[in-house]
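Notes follow once the structure below has been shown.
The values are calculated or read from the model by the stated rules, or taken from the named source; none is laboratory data. All figures in this text were calculated on a predicted structure; none of them were measured in a lab. Every residue, glycine as well, gets a Cβ built from its backbone with ideal geometry; the counts of neighbours run over all protein chains shown.
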């Protein structure tokens, strides 16, 4: 069973909680971090394991109906009748991944 840090995430959304519950089933040599602080950023979930390396996950609890449009950089959503623009989750995860890579480069040099 994977280690979860923190062991009991208190402010996880329903989707984040469900994903953490699933990731808990990974092998013992995996660690799942919930909202770690990385260079002032807070990715939803970071998984570290020997087979996958480091995986950054950005979780969205949207329904298919709430997504009005998707572009490379932005999603347009209808949340409780309000139209909002949200940064693309892939862009968010990529930004977090680059921050982690920068930290690892600094540590190894």
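For the residues 52, 19, the requirement of being under 11 Å from the mean Cα position of the chain (by Cα) and either without any contact (Cβ under 8 Å) to a residue 60 or more places away in the chain or more than 23 Å from residue 107 (Cα to Cα) (or both) singles out 19. Taken as a whole, the stretch 61-72 holds no residue that is over 25 Å from residue 105 (Cβ atoms), buried (at least 17 other Cβ atoms within 10 Å of the Cβ) and touching a helix residue (DSSP H, G or I) at 6+ places or on another chain (Cβ under 8 Å). All of (1) at pLDDT 95 or above; (2) surrounded by 12 or more Cβ atoms within 10 Å (Cβ to Cβ) hold for residue 88 with one exception: (1). What do you reckon, is residue 32 surrounded by 15 or more Cβ atoms within 10 Å (Cβ to Cβ), within 20 Å of residue 9 (Cα to Cα), at pLDDT 95 or above and out of contact with any helix residue (DSSP H, G or I) (no Cβ under 7 Å at 6 or more places or on another chain)? No; evaluated as a whole, the condition is false for this residue. Which residues, taken from the stretch 91-102, are surrounded by fewer than 12 Cβ atoms within 10 Å (Cβ to Cβ) and in contact with a strand residue (DSSP E or B) (Cβ under 8 Å, 6 or more places away or on another chain)? Selection gives nothing. Residues that are in contact (Cβ under 8 Å) with a residue 60 or more places away in the chain and touching a strand residue (DSSP E or B) at 6+ places or on another chain (Cβ under 9 Å): does the stretch 62-78 have at least one? Checked the stretch 62-78: no residue is in contact (Cβ under 8 Å) with a residue 60 or more places away in the chain and touching a strand residue (DSSP E or B) at 6+ places or on another chain (Cβ under 9 Å).
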